[in-house]
1. Within the range 269-287, does at least one residue satisfy the condition of being small (Gly, Ala, Ser), surrounded by 15 or more Cβ atoms within 10 Å (Cβ to Cβ) and assigned to a loop (DSSP other than H, G, I, E, B)?
2. Return the residues of the range 31-55 that are more than 10 Å from the ligand (Cβ to nearest atom), in a helix (DSSP H, G or I) and open to solvent by less than 10 Å² (accessible area, probe 1.4 Å); say none if nothing qualifies.
3. Which ones in the range 164-223 are buried (at least 24 other Cβ atoms within 10 Å of the Cβ), aliphatic (A, V, I, L, M) and part of a helix (DSSP H, G or I)?
4. Do we have ASP75 as at pLDDT 95 or above and surrounded by 15 or more Cβ atoms within 10 Å (Cβ to Cβ) here?
5. Report, by residue number, each residue of the range 18-30 that is surrounded by 24 or more Cβ atoms within 10 Å (Cβ to Cβ) and in a helix (DSSP H, G or I).
6. Here is a check on your reading of the model: is PRO140 more than 29 Å from VAL267 (Cα to Cα), touching a Phe, Trp or Tyr at 6+ places or on another chain (Cβ under 7 Å) and part of a loop (DSSP other than H, G, I, E, B)?
7. Looking only at the range 80-120, count how many residues are within 10 Å of the ligand (Cβ to nearest atom) and part of a strand (DSSP E or B).
8. Name the residues in the range 289-298 that are surrounded by fewer than 19 Cβ atoms within 10 Å (Cβ to Cβ) and in contact (Cβ under 8 Å) with a residue 60 or more places away in the chain, would you?
Amino acid sequence: MNWNPRRLPRADDKNVLVTGGNAGIGYFIAEQFAAAGAVVVLGCRDPSKAAVAGAAIRARVPGARIHHMQLDLADLASLQAAVDGMPLDCLDVAVLNAGIAIDDPPRRENTAGHELMLATNHLGHFALTHRLAPLLAAAPAARIVTMGSFAARSERLDLDDLQSTRSYQPKRTYGRSKLAQMIFAFELDRRLRAAGGDLISVLAHPGGALDSLTPARPGVHVRSRASYLRGLAGGLVLQGKDAGAWSAVRAALDPEVVGGQLWGPRVFGLRGQPRLEQPQQHMTDPETARQLWTASVELTGVDPVAAL
Ligand SMILES: NC(=O)c1ccc[n+]([C@@H]2O[C@H](COP(=O)([O-])OP(=O)(O)OC[C@H]3O[C@@H](n4cnc5c(N)ncnc54)[C@H](OP(=O)(O)O)[C@@H]3O)[C@@H](O)[C@H]2O)c1
């Protein structure tokens, strides 16, 4: 299909949740869905940031239908109440986009004692998928879109030390948390197929998306002339967060997408229009996925597919 990210198919009949929809790539995913007519729920932890993002979207898309879901992925105990507070009776798309990357030591934990990047990026989305399952099952042919990363390419999980307690290196722990998300998303699709039904799990990644190449949005993102000039060289191989949103939006909206696919930018997997990618073997290994799934159920106390 000839896909143009600037000319999306209408999505007026779709309810879409975007985790981390208040900032960065998530904001642009939300804006692009809103422009296509979807009802968009911004899943974010700060209500004032959600309000600012909603206003920025409405300023560009008059009449945009935007809601806020109070969501802190690092707080597993809060997720059911977050989902219960959503003003929807079904969900067509859940974009699992929110994420944190901690650059420096020391290792940090959430209140449950889980390493914070694994907790937010993987465990939070794993448990949220379980909580969202009834709403997804209530929609015809819903999609769960997981935001991966090129950082997962060079990492391997340490299943004996998922929480990076023995050795913590921020960059490696981040890459592993993104790999865990991707392994989960591929395994989720296999389990959904085995269970039957029409809910699918698809993956996307944004390539390399820099703030300095991202257009300004009042209250959400300021781009100074100096940062724009600094980012120009990077623009040869990387892109802005507006374009970083394209792969996830295609994974969610293209009628030709099927479960278990990975979508990423066309040029070296770093920038450009979304295209189908071949996942690496370590992302789709069923035995690693089985062990990660079991560990994630133990850590979160829930199983996403059991709720379907
Ligand atoms: N940018 C890139 O080049 C790149 C490359 C590969 C993959 N990715 C992935 O793309 C996704 C978005 O990245 P980005 O560059 O747009 O990041 P970003 O600008 O830092 O935005 C991250 C978003 O996640 C939210 N978030 C963080 N912790 C949260 C929590 N505990 N609960 C709920 N929301 C939380 C943030 O909310 P607050 O505003 O409240 O902090 C924010 O909305 C991430 O999953 C990232 O791993 C990005």
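The values are calculated or read from the model by the stated rules, or taken from the named source; none is laboratory data. Please read these numbers as outputs of a predicted model, since none were measured by experiment. We place every Cβ from the backbone using ideal geometry, glycine too, and count neighbours over all the protein chains shown. In case anyone asks, the SASA skips ligands and DNA or RNA and just uses the protein heavy atoms, side chains included. Shrake-Rupley method; radii C 1.70, N 1.55, O 1.52, S 1.80 Å.
1. Filtering the range 269-287 down to residues small (Gly, Ala, Ser) leaves 269, 272.
Still in the list and also surrounded by 15 or more Cβ atoms within 10 Å (Cβ to Cβ): 269, 272.
If we keep only those that are assigned to a loop (DSSP other than H, G, I, E, B) too, we end up with 269.
Taking every residue of the range 269-287 in turn, at least one turns out to be small (Gly, Ala, Ser), surrounded by 15 or more Cβ atoms within 10 Å (Cβ to Cβ) and assigned to a loop (DSSP other than H, G, I, E, B).
2. PHE33, ALA34, GLY54, listed by residue number.
3. Selection gives LEU179, ALA180, MET182, ILE183, ALA185, LEU188.
4. Working: at pLDDT 95 or above: yes; surrounded by 15 or more Cβ atoms within 10 Å (Cβ to Cβ): yes.
Against the criterion (at pLDDT 95 or above and surrounded by 15 or more Cβ atoms within 10 Å (Cβ to Cβ)), ASP75 qualifies.
5. Our first condition is that a residue be surrounded by 24 or more Cβ atoms within 10 Å (Cβ to Cβ); within the range 18-30, this holds for 18-22, 25-30.
Hits for the range 18-30 are ILE25, GLY26, TYR27, PHE28, ILE29, ALA30.
6. Numbers: more than 29 Å from VAL267 (Cα to Cα): yes; touching a Phe, Trp or Tyr at 6+ places or on another chain (Cβ under 7 Å): no; part of a loop (DSSP other than H, G, I, E, B): yes.
So PRO140 does not fit the description; no.
7. Quick first cut of the range 80-120, residues within 10 Å of the ligand (Cβ to nearest atom) only: 82, 95-101, 110, 116-117, 119-120.
Still in the running and part of a strand (DSSP E or B): 95-96.
Summing the residues that are within 10 Å of the ligand (Cβ to nearest atom) and part of a strand (DSSP E or B) in the range 80-120 gives 2.
8. First, pick out the residues of the range 289-298 that are surrounded by fewer than 19 Cβ atoms within 10 Å (Cβ to Cβ): 290-291, 294-295, 297-298.
Answer for the range 289-298, where residues must be surrounded by fewer than 19 Cβ atoms within 10 Å (Cβ to Cβ) and in contact (Cβ under 8 Å) with a residue 60 or more places away in the chain: ARG290, GLN291, ALA295.
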